[in-house]
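Accompanying notes for the structure given below.
Each value in this text was obtained by applying a stated rule to the coordinates, not by laboratory testing. Values in this document were obtained by computation on a predicted structure and should not be read as measured data.
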């Protein structure tokens, strides 16, 4: 290939010519390569389609961004995994001491829950009584509002109908 491209040194060229003079197979291959080389040089140079360079560069840029994103996600996952591997055993090691600290609060929580329930029962009873006392007047108000809305709608419809007949 260096000989075809004109890049072979003089000593290399002498060695190649000597081998080609002795070896018929290599000489035949050399002639085929020279013929192919002449055809390629004689062939017209094809121009790339319009926008080819821009599309190729955009595709390369997209691949770089995908690769960078994938590497970033991998690094983030590896870092999160490393943190979990380091922090979970530490948290498990400290868990018994954490429960010993929380034990008084948990005991007080039962008492607090009992007192909240004791005060919630009267509050709920009073809410139910208030709702029951307001239910009938609110229901009556809702029915009257619905009737007034229907009546005003009918009056409006009738007025529009008369205007269309008169006009």
Just to confirm the number: angle between the C-alpha axis of helix 24-42 and the first principal axis of the chain, 0 to 90 degrees, nearest 10?
60
Mean projected area (nm²) from the convex hull of Cα positions in the chain is 37.7
Would you compute, from DSSP H runs of 4+ residues alone, the mean residue ellipticity of the chain at 222 nm, taking -39500 (n - 2.57) per run and dividing by the full residue count, rounded to the nearest 500?
-33500 deg cm²/dmol
Tilt relative to the chain, helix 10-22 - C-alpha long axis, 0 to 90 degrees, to 10:
70
Of 133, 108, 70, the one that fluctuates the most in a GNM where the chain has Cα springs shorter than 10 Å:
133
Relative to the chain, whose Cα atoms define the longest principal axis, helix 52-166 and its Cα axis are tilted in degrees, nearest 10, by 40
Among 48, 137, 104, residue whose mean-square fluctuation peaks in a GNM of the chain (springs only between Cα atoms under 10 Å)
137
